[in-house]
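**Q** One structure is given below, represented as structure tokens, and several questions about it will come after.
The values are calculated or read from the model by the stated rules, or taken from the named source; none is laboratory data. Bear in mind the structure is a predicted one, so any value in this text is a computation, not a measurement. Here the Cβ positions follow ideal geometry from the backbone for every residue, glycine too, while neighbour counts run over all protein chains shown. For the accessible areas, the whole protein counts, side chains as well, though only heavy atoms, and no ligand, DNA or RNA atoms are used. Shrake-Rupley method; radii C 1.70, N 1.55, O 1.52, S 1.80 Å.
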2 protein chains.
Amino acid sequence: MSIDVKTVCLGILSLGDGSGYDLKKRFESTFGHFFQAGYGSIYPALAQLAETDLVSCCEVLEEGKPAKKIYRITESGRHELVKTLESTTPTHKIRSEFLAVLYFAELIGPAQLDRIINHRVGEMQDVLRLLDELKHDSAADQGPGPRFVRGFGETILRAALDYIETHRAELCAGHEGHEPKLQPVSRTAT
Amino acid sequence: MSIDVKTVCLGILSLGDGSGYDLKKRFESTFGHFFQAGYGSIYPALAQLAETDLVSCCEVLEEGKPAKKIYRITESGRHELVKTLESTTPTHKIRSEFLAVLYFAELIGPAQLDRIINHRVGEMQDVLRLLDELKHDSAADQGPGPRFVRGFGETILRAALDYIETHRAELCAGHEGHEPKLQPVSRTAT
DNA sequence: CCGATACATATCGAGTTGATAGGTTTCTAT
DNA sequence: ATAGAAACCTATCAACTCGATATGTATCGG
């Protein structure tokens, strides 16, 4: 087995019970900067985990509230989790449309280039703020593991921001003074 | 449209003709550290690009060699490429099983933790070496875009390596002196 | 009291991954 | 010489993931 959404769900549940909705929240706050998962992955994952008895599920019906299913990790779930964590050599992949676009920076008008970089910088600053909140607020994220991972994210983001601000000028060197190669494409398209 | 494998293939072809096999090579060397694609994505992408006339395809049959299909970008392909590059706000995602595992470091035996970290460190050093080769060897990767992207990768990798070496000791703080929580799981499983 | 947001589950098409299959040519070491 | 490894080349498939969407109730602010 590899470290897929199923495994991470199991891991999160090892820290406390929760519904699918809860898990999504955890994914967004704590895991968002290095491992994403949407409902389309989480619900099937929970269903499979329940099927194989790695988690138990009990439906909670509070009156006047939407029904929810609270999942809880089982003993065999904890064993499976440790086994999986120990028996894989985990990957680390970046999929960056951002860098892909910048690779072809020469084809893009300077204004668009600026917009794209500024947007990405904003995103990174948002994540940095989130990580800072986590550092102070979240009780669940204070162990050595969570701290290490948070620090990793912080370090990489700062390095990236620094690099971008230092080198973005060089990107425009390609078409300094002359117009974008092809006629500027209308902003409304697609 | 978003920046998918199709778009990046189009971009690569804008730098010169090539077969599916060639493209895979380019993906591995130049794009590998921030955007991966396998045959399972590349061949369908090329087929679709050919269908919509963004690239042309001619079959080359040299005697005594496996047949190959050389793809070439068309004028409408170049337009579409620029339009796509300019009209998206590109994403940047990390999917790190590595960090996911380290988040749960307390559940893992110190020996396994060491193995995992060393393996990842090795991978990162490999990529650094690759980037260094690209810097000196590859004629295609000398423009401002390629240089920026390469430098980005280098910077982030160095920052990550540095962070790991500085903080890996703290990860083991959780179970210093006492045994792993659950009985060590046999290495052979799964 | 209306609209936005939070809570909650779930599905679907499109895209991606990683492994696998199937075949030829060229290089390399014994 | 020749066996075997590695490079060259196209292609597919099941499993997994993504992002959008559907469908509702409850709550809270203006």
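**Q** Axis carrying A onto B: which residue of A has the nearest Cβ, and how far, whole Å?
**A** A:ALA159, 2
**Q** Using every Cα-Cα pair within chain A, state what percent have a distance larger than 20 Å.
**A** Summing the P(r) tail past 20 Å for chain A gives 66 percent.
**Q** Another question about this same structure. Determine which lysines satisfy two conditions relative to A:LYS68: a Cα distance under 25 Å, and not lying fewer than 8 residues away in the same chain.
**A** A:LYS6, A:LYS24, A:LYS25
**Q** Working from the pairwise distances between different alpha carbons, so that the mean of 1/r is found and then inverted, what is segment A:97-175's Kirkwood radius in Å?
**A** Taking every pair of different Cα atoms in segment A:97-175, averaging 1/r and inverting gives 14.2 Å.
**Q** Once you list every other residue whose beta carbon is under 12 Å from the beta carbon of B:LEU23, what net charge do they have if Lys and Arg are +1 and Asp and Glu are -1?
**A** Local net charge: +3.
**Q** Can you give the net charge of the other residues whose Cβ lies under 15 Å from the Cβ of B:ASN118, counting K and R as +1 and D and E as -1?
**A** -2
**Q** When Cβ neighbours within 10 Å are restricted to other protein chains, what is their mean count per residue of peptide A:30-43?
**A** 2
**Q** Dipole of chain B (Lys/Arg Cβ +1, Asp/Glu Cβ -1, origin at the Cα centre): which of B:HIS79, B:PHE35, B:PRO110 lies farthest to the positive side?
**A** Positive-most Cα among the choices belongs to B:HIS79.
**Q** While we're on this one: Which distances in nm, rounded to one decimal and ordered from shortest, link the label point of B:ARG115 to the equivalent label points in the other identical copies, with labels set 7 Å from Cα toward Cβ?
**A** 5.1
**Q** Per residue of A:118-128, how many C-beta atoms from partner chains lie within 10 Å of its own C-beta, taken as a mean?
**A** Other-chain Cβ atoms within 10 Å of each residue's Cβ, averaged: 1.
**Q** At 222 nm, what value in deg cm²/dmol follows for the protein assembly as shown if DSSP H runs of at least 4 each add -39500 (n - 2.57) and the sum is divided by all its residues, to the nearest 500?
**A** When only DSSP H runs of four or more count, the value is -18500 deg cm²/dmol.
**Q** Accessible area per residue of the protein assembly as shown at 1.4 Å probe, in Å²?
**A** About 49 Å² of surface per residue is accessible.
**Q** A further question on this structure: Please compute the average number of Cβ atoms from other chains found within 10 Å of each residue's Cβ in peptide B:77-85.
**A** 5
**Q** Can you list the copy-to-copy distances for A:ASP17, using a point 7 angstrom from Cα toward Cβ, in nanometres, shortest first?
**A** 6.6
**Q** With θ set to phi - 60° and the Karplus curve 6.51 cos²θ - 1.76 cosθ + 1.60, what are the ³J(HN,Hα) couplings of segment B:38-50 in order, to the nearest whole Hz, using x for Gly and Pro?
**A** So the J values, rounded to whole Hz, are x, 4, x, 9, 5, 4, x, 4, 4, 4, 5, 4, 5.
**Q** Sorted from shortest, what are the nm distances separating the label point of A:GLN36 from equivalent points in the other copies, each placed 7 Å from Cα along Cα to C-beta?
**A** 1.7
**Q** Another question, then. Heavy-atom accessible area of A:ARG72 with all protein chains present, probe 1.4 Å, nearest 10 Å²?
**A** Spelled out: A:ARG72, probe radius 1.4 Å, area about 130 Å².
**Q** Further question on the same structure: Starting from the Cα gyration tensor of segment A:5-87, take the square roots of the eigenvalues, sort them a ≥ b ≥ c, and report rounded, prolate or oblate (rounded when a/c is under 1.5, otherwise prolate if a/b is larger than b/c, else oblate).
**A** Oblate shape, in that a/c is at least 1.5 and b/c is the bigger or equal ratio.
**Q** If you place +1 on the Cβ of every Lys and Arg and -1 on the Cβ of every Asp and Glu, how big does the dipole about the Cα centre of segment B:84-137 come out, in debye to the nearest 20?
**A** 140 debye
**Q** On to the next question. Under 13 Å Cα-Cα from B:LYS69, which aspartates and glutamates qualify once same-chain neighbours fewer than 8 residues away are excluded?
**A** Correct list for B:LYS69: B:ASP17, B:ASP22, B:GLU59.
**Q** Residues in segment A:21-46 near a label at A:LYS68, defined as backbone nitrogen under 19 Å from the 7 Å Cα→Cβ point?
**A** It comes to A:21-31, A:37-46, nothing else.
**Q** Here's another thing I want to ask about it. Can you return the aspartates and glutamates within cross-link range of A:LYS135? Criterion is Cα-Cα under 19 Å, with same-chain partners fewer than 8 residues away left out.
**A** Filter leaves A:GLU28, A:GLU123, A:ASP126, A:GLU154, B:GLU106, B:GLU170.
**Q** What is the dipole size for chain A, taken about its Cα centre, with +1 at each Lys and Arg Cβ and -1 at each Asp and Glu Cβ, in debye to the nearest 20?
**A** 140 debye
**Q** Turning to a different aspect of this structure: Dividing the convex hull volume of the Cα atoms of the protein assembly as shown by its residue count, what figure in Å³ per residue is obtained?
**A** 188 Å³
**Q** A further question on this structure: Among B:LEU61, A:GLY16, B:VAL149, whose Cα lies farthest out toward the positive end of the dipole of the protein assembly as shown, if unit charges sit on the beta carbon of Lys, Arg (+1) and Asp, Glu (-1)?
**A** Projecting each Cα onto the dipole axis, the largest value belongs to B:LEU61.
**Q** Count charges around B:LEU99 for me, please; just the other residues with Cβ under 14 Å from its Cβ, Lys/Arg as +1, Asp/Glu as -1.
**A** Here the charged neighbours net out to +3.
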